[in-house]
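Asks: Structure below; questions to follow.
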Amino acid sequence: MKELIKRLSEACGPSGHENNVRDLIRDAVASYADEINEDVLGNVIVTKKGKGTDRKHLMLVAHIDEPGLLVTHIEGNGYLRVAQVGNLEAAYLVGQRVQFPNGTVGVVGTHHVNDAGDVTFMGLFLDIAATSEAEALEKVRVGDMCTLLQPVVELDNDKLVGKALDNRVGCAVAVEALKRLKDQEHDVTVVFTTQHGVGSRGVKPAAFALEPDFGLVLDGVRAGDYPGAKRIEVGLGKGVAVKVLDRNVIVPPPIKNFLVDQAEKAGIAYQLEVYPDGTSDAGAMLITRDGIPTGGLSLPLRYTVTGSEMVDLRDVEAAVQLTVLALQQYNL
């Protein structure tokens, strides 16, 4: 999956402008899908029919968007003023390169400050090497969005580093799970959702329209195994994280227990995710219509939203295995 993760990670796909990633996803799933559709919000909806006589409808979810910057003003000297879209921290952006979907590249700058904690989005600007407003307008317009520009690098000990691995790694897991599903009993719909970072907007209409019997959400989770990290009992190389709780969801215990049981029976490495500060599409899906039974599997990541997120490929493989088992063995 490394090559797919690389292509997905390096694509520019901010919330609401996920076209580049959507095209990659459609290509990646074409050989394994019975049907591929898109809805009004741009969700990619992939159907794989089951073979059973008493089929249920299962929905697998992975969001394809990433946080970005939106151009709010173009100054007379060609510099761009920006606002954040999604979860970014201003201090991490200074000196970073960014890319617009049309290929335009810029560098994030800021006014002089005495402390990194004083950096705010109001003080950020983009330098796209334009010398005037007219020259800048040849490349970008107010309302255009950009994302960080970072290549994926493979490190020792099965680690990858890159931007937007939350949640492009989850997307790669969903594609690989779709590939490995063979002769499954239940109908499976894999939905690659848009606009997660601005309020889980993509998953809501998709879940409402599809009305599945069960939902499983793949996402990233901030690891707590490095100096200065927020306290969370999740670390790289320890397996896929089975979601227990985040800011928007308490996973129903029978679903959490089902996922844990499948992992233990198959000898799949797993850990439990209790992260009150985190979010995923699981919360929105669980309360759609009269409630959709929903669980979550997360990929541990270090240095989230910095442009240099780190993931362990052993955790990725564990996530694929548990996802496939959950979809094949679902019986709640």
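Asks: Those residues that are crowded, with 16+ Cβ neighbours inside 10 Å, of a type in the set (Lys, Arg) and within 27 Å of the chain's Cα centre (by Cα), I need them from segment 119-161; list them, please.
Replies: Residue satisfying the conditions is Lys159 alone.
Asks: Which residues, counting only those in segment 278-294, are open to solvent by 20 Å² or more (accessible area, probe 1.4 Å) and either in a helix (DSSP H, G or I) or β-branched (Val, Ile, Thr) (or both)?
Replies: Of segment 278-294, the ones open to solvent by 20 Å² or more (accessible area, probe 1.4 Å) are 279, 286-287, 289-291, 293.
Within segment 278-294, Thr279, Leu286, Ile287 meet the criteria.
Asks: A follow-up question, please. Got a sec? Which of Ala172, Ala209 is in contact (Cβ under 8 Å) with a residue 24 or more places away in the chain, aliphatic (A, V, I, L, M), assigned to a helix (DSSP H, G or I) and open to solvent by 40 Å² or more (accessible area, probe 1.4 Å)?
Replies: Details: Ala172 fails: open to solvent by 40 Å² or more (accessible area, probe 1.4 Å).
One residue alone meets the criteria, Ala209.
Asks: Let me ask something else. Of the numbered conditions (1) modelled with pLDDT of 95 or more; (2) open to solvent by less than 20 Å² (accessible area, probe 1.4 Å), Leu4 fails exactly one; give the number of that condition.
Replies: All conditions pass for Leu4, except number (2).
Asks: Within segment 31-64, which residues are part of a loop (DSSP other than H, G, I, E, B), in contact with an Asp or Glu (Cβ under 7 Å, 6 or more places away or on another chain) and at negative phi?
Replies: At the first step, the residues of segment 31-64 found to be part of a loop (DSSP other than H, G, I, E, B) are 31-34, 39-43, 49-56, 64.
Those still in the list that are in contact with an Asp or Glu (Cβ under 7 Å, 6 or more places away or on another chain) too: 42, 49-52, 55-56, 64.
Correct list: Lys49, Gly50, Lys51, Gly52, Arg55, Lys56, Ile64.
Asks: Between Leu236, Leu259, Leu216, which is open to solvent by less than 70 Å² (accessible area, probe 1.4 Å), part of a strand (DSSP E or B) and either at pLDDT 95 or above or aromatic (Phe, Trp, Tyr) (or both)? Outline the logic, then answer.
Replies: Details: Leu236 fails: part of a strand (DSSP E or B); Leu259 fails: part of a strand (DSSP E or B).
Only one candidate passes the filter, namely Leu216.
Asks: Please go through segment 65-113 and give me each residue that is open to solvent by less than 30 Å² (accessible area, probe 1.4 Å), part of a loop (DSSP other than H, G, I, E, B) and of a type outside the set (D, E, K, R), ordered by number. Give the derivation first.
Replies: The first filter runs over segment 65-113 and keeps only residues open to solvent by less than 30 Å² (accessible area, probe 1.4 Å), leaving 65-66, 68-69, 71, 74, 78, 80, 82, 85-86, 88, 90, 93, 96, 98, 100, 104, 106, 108-109.
Cutting the leftovers down to part of a loop (DSSP other than H, G, I, E, B) gives us 65, 78, 86, 88, 96, 100, 104.
Passing the criteria: Gly78, Gly86, Leu88, Gln96, Phe100, Thr104.
Asks: Go through segment 295-320 and count every residue that is surrounded by fewer than 21 Cβ atoms within 10 Å (Cβ to Cβ) and either within 26 Å of Lys51 (Cα to Cα) or in contact with a Ser or Thr (Cβ under 6 Å, 6 or more places away or on another chain) (or both).
Replies: Total satisfying the criteria: 1.
Asks: Note down all Cβ pairs under 6 Å where the first residue falls in segment 284-299 and is more than 16 Å from Pro205 (Cα to Cα), the second is assigned to a loop (DSSP other than H, G, I, E, B) and among the hydrophobic types (A, V, I, L, M, F, W, C), and they're at least six residues apart or on different chains.
Replies: Close Cβ pairs satisfying both conditions: Gly295/Val251.
Asks: Kindly evaluate Ala229 against the criterion of being surrounded by 14 or more Cβ atoms within 10 Å (Cβ to Cβ), within 23 Å of Glu176 (Cβ to Cβ) and of a type in the set (A, V, I, L, M, F, W, C).
Replies: Numbers: surrounded by 14 or more Cβ atoms within 10 Å (Cβ to Cβ): yes; within 23 Å of Glu176 (Cβ to Cβ): no; of a type in the set (A, V, I, L, M, F, W, C): yes.
No; evaluated as a whole, the condition is false for this residue.
The values are calculated or read from the model by the stated rules, or taken from the named source; none is laboratory data. Note that the coordinates shown come from a computational prediction; the quantities given were computed from them, not determined experimentally. Please note: Cβ atoms are built from the backbone with ideal geometry, for glycine as well, and neighbour counts cover all protein chains shown. With ligands, DNA and RNA removed, areas are computed over all heavy atoms of the protein, side chains included. Shrake-Rupley method; radii C 1.70, N 1.55, O 1.52, S 1.80 Å.
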